[in-house]
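See structure below.
Derivation of every value follows stated rules applied to the coordinates shown; laboratory data play no part. Source: prediction; values computed, not measured. Cβ atoms come from the backbone with ideal geometry, glycine included; neighbour counts cover every protein chain shown.
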Amino acid sequence: MNNFFNDLQGKLNQALENSPAKDIERNVKAMMTQGFSKLDLVTREEFDIQAQVLAKTRAKLEALELRVAELEAKLATADAKA
C-alpha cells in the first residue's frame, strides 16, 4: 500500500514538472528575479549587519554627547570661577 502512494506521488510530481503551470511558474520566477536584480535591494543578512553597526554608532554618539556635556559643564564652572 505504501509503495502505491510513493508511485502515485512520483507520477504526480512528474506530471506537475511537465505541466504548463510549471513553465509559467519558472517564467514568473525568472522575471521576478530579473526585476529584483534591477532594484537596489540588500539581503536580510546585510540589513541585520547594518542595523547592528547603526546601533553601535548610536551608542557611541550618545556617549560622546554625554562626554561633551560634561566637559562643557566643567568649562562653564571654570569660567564662572575666573
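Worth a mention:
- Filtered by the rule that a residue be surrounded by 10 or more Cβ atoms within 10 Å (Cβ to Cβ) and among the aliphatic types (A, V, I, L, M), segment 1-20 gives LEU8, LEU12, ALA15, LEU16.
- Filtering LEU61, LEU39, LEU54, LEU66 for residues that are exposed (fewer than 10 other Cβ atoms within 10 Å of the Cβ) and not acidic (Asp, Glu) leaves a single hit, LEU39.
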